[in-house]
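J.: I'd like to ask you about the structure that follows.
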Amino acid sequence: MDNSSPSSGVGVLDKTMSVLDALESGPASLAQLVRITGLARPTAHRLAVALERHRMVARDSQGRFVLGPRLNELSIATGEDRLLAIANPVLVQLRDLTGESAQLYRRQGEVRVCVAAAERASGLRDTVPVGSELPMNAGSAAQILLAWEDSERIRRALRGAHFTAATLSQVRRRRWAQSVGEREPGVASVSAPVTAPGGRIIAAISVSGPLERLTRSPGRLHASAVVSAAEKISEALRSV
């Protein structure tokens with residue numbers, strides 16, 4: 001256990017934090033938790049299981065302890081106001097530049113949620129209301145939100161997906177994704193990653209619309225604009 005970590009004077013809280021700190025660097029078995037934290041085996045097990053019940057800790061496919069989804073949800077809640085304040089005017093600019101509806105998605109567990117949108121004012125359009133939960137197995141935003149995940153999570157997500165590992169490899173290389181009729185027949189989209197100051201992918205910005213306007217190669221039309229919008233948001237997050 002790292003004895004340089006500050007003590008709060010509340011023993012159980014300090015021990016609980018030592019478990020979470022140990023998982024920050026990746027999955028750990030119970031034996032590894034004991035070694036890293038210096039806690040007694042029964043204590044480490046009791047705390048890890050209690051954290052699991054509160055979704056602060058989860059298990060991977062090998063039964064190892066990993067940081068849980070609740071931490072990500074809390075992180076999203078903490079940073080969402082700042083992200084939305086920055087993203088909303090950029091979405092409006094992107095909509096006006098491309099003439100298509102623009103959205104911002106964040107991943108929450110096994111779905112992606114539309115957290116902001118700027119809709120095309122008139123004509124045929126793809127409308128995604130704010131708060132909509134969409135699957136992670138289809139669509140260019142899903143590709144973005146999955147492409148930089150660890151290999152095990154990608155492998156699980158690809159079961160039944162409308163895209164492949166090769167698709168995600170291409171997404172990582174060019175830093176944008178496109179989809180044609182994946183989420184909904186007749187709809188195409190282009191997405192790019194929004195990054196936190198540390199470089200972690202925290203959202204996907206997208207434009208979407210009917211196939212008759214975006215064609216079967218929507219990236220050729222709008223990838224440059226979408227990537228530029230994503231970089232503008234990411235840059236603003238770094239400067240705050």
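J.: Of all residues in the range 186-229, count the ones that are in a helix (DSSP H, G or I), hydrophobic (A, V, I, L, M, F, W, C) and under 18 Å from GLN170 (Cα atoms). Please lay out each step first, then the result.
T.: As a first pass, look at the range 186-229 and keep what is in a helix (DSSP H, G or I): 211-214, 218-229.
From what's left, hydrophobic (A, V, I, L, M, F, W, C): 211, 214, 221, 223, 225-227, 229.
Now restrict to residues that are under 18 Å from GLN170 (Cα atoms): 221, 223, 226-227.
The total comes to 4.
J.: Something else: List the number of the failed condition for GLU231; all other conditions in (1) within 19 Å of the chain's Cα centre (by Cα); (2) crowded, with 24+ Cβ neighbours inside 10 Å hold.
T.: Here GLU231 meets the rest and fails (2).
J.: Counting only residues that are modelled with pLDDT of 90 or more and open to solvent by 40 Å² or more (accessible area, probe 1.4 Å), how many does the range 131-148 have?
T.: Step one: filter the range 131-148 for residues modelled with pLDDT of 90 or more, giving 132-148.
Now restrict to residues that are open to solvent by 40 Å² or more (accessible area, probe 1.4 Å): 133, 135, 137, 148.
Residues flagged as modelled with pLDDT of 90 or more and open to solvent by 40 Å² or more (accessible area, probe 1.4 Å) within the range 131-148 amount to 4.
J.: Also: Taking the range 187-223 on its own, how many of its residues are in contact (Cβ under 8 Å) with a residue 60 or more places away in the chain, among the β-branched types (Val, Ile, Thr) and under 13 Å from SER101 (Cα atoms)?
T.: So the answer is 3.
J.: With ARG112, ARG107 as the choices, which residue is part of a strand (DSSP E or B) and out of contact with any Asp or Glu (no Cβ under 8 Å at 6 or more places or on another chain)? Step through it out loud before you land on a result.
T.: Working: ARG112 fails: out of contact with any Asp or Glu (no Cβ under 8 Å at 6 or more places or on another chain).
One residue alone meets the criteria, ARG107.
J.: I've got another one for you. For the range 23-49, give me the residue count where each residue is surrounded by 14 or more Cβ atoms within 10 Å (Cβ to Cβ) and among the polar types (S, T, N, Q).
T.: Qualifying residue count for the region: 3.
J.: One residue is enough: does the range 67-77 have a residue meeting the conditions out of contact with any Pro (no Cβ under 6 Å at 6 or more places or on another chain), open to solvent by 30 Å² or more (accessible area, probe 1.4 Å), modelled with pLDDT under 90 and in a strand (DSSP E or B)?
T.: Yes - at least one qualifying residue is present in the range 67-77.
J.: Just to verify a result, which residue in the range 82-130, among those that are within 17 Å of the chain's Cα centre (by Cα) and open to solvent by 50 Å² or more (accessible area, probe 1.4 Å), is nearest to THR195 (Cα to Cα)?
T.: ARG82
J.: Residues of the range 82-110 being under 27 Å from LEU51 (Cβ atoms) and either charged (D, E, K, R) or modelled with pLDDT of 90 or more (or both), which ones?
T.: Correct list: ARG106, ARG107, GLU110.
J.: Here's another thing I want to ask about it. If you scan the range 158-187, which residues turn out to be open to solvent by less than 50 Å² (accessible area, probe 1.4 Å) and not hydrophobic (A, V, I, L, M, F, W, C)?
T.: THR167, SER179, GLY181, GLU182, GLY186
J.: Consider VAL190 carefully, then state whether it is in contact with a Phe, Trp or Tyr (Cβ under 9 Å, 6 or more places away or on another chain) and open to solvent by 20 Å² or more (accessible area, probe 1.4 Å).
T.: No: the conditions fail for VAL190.
The values are calculated or read from the model by the stated rules, or taken from the named source; none is laboratory data. What you see is a predicted model; the values in this text were computed from it and never measured. No Cβ is skipped: glycine too gets one built from the backbone with ideal geometry, and neighbour counts run over all protein chains shown. With ligands, DNA and RNA removed, areas are computed over all heavy atoms of the protein, side chains included. Shrake-Rupley method; radii C 1.70, N 1.55, O 1.52, S 1.80 Å.
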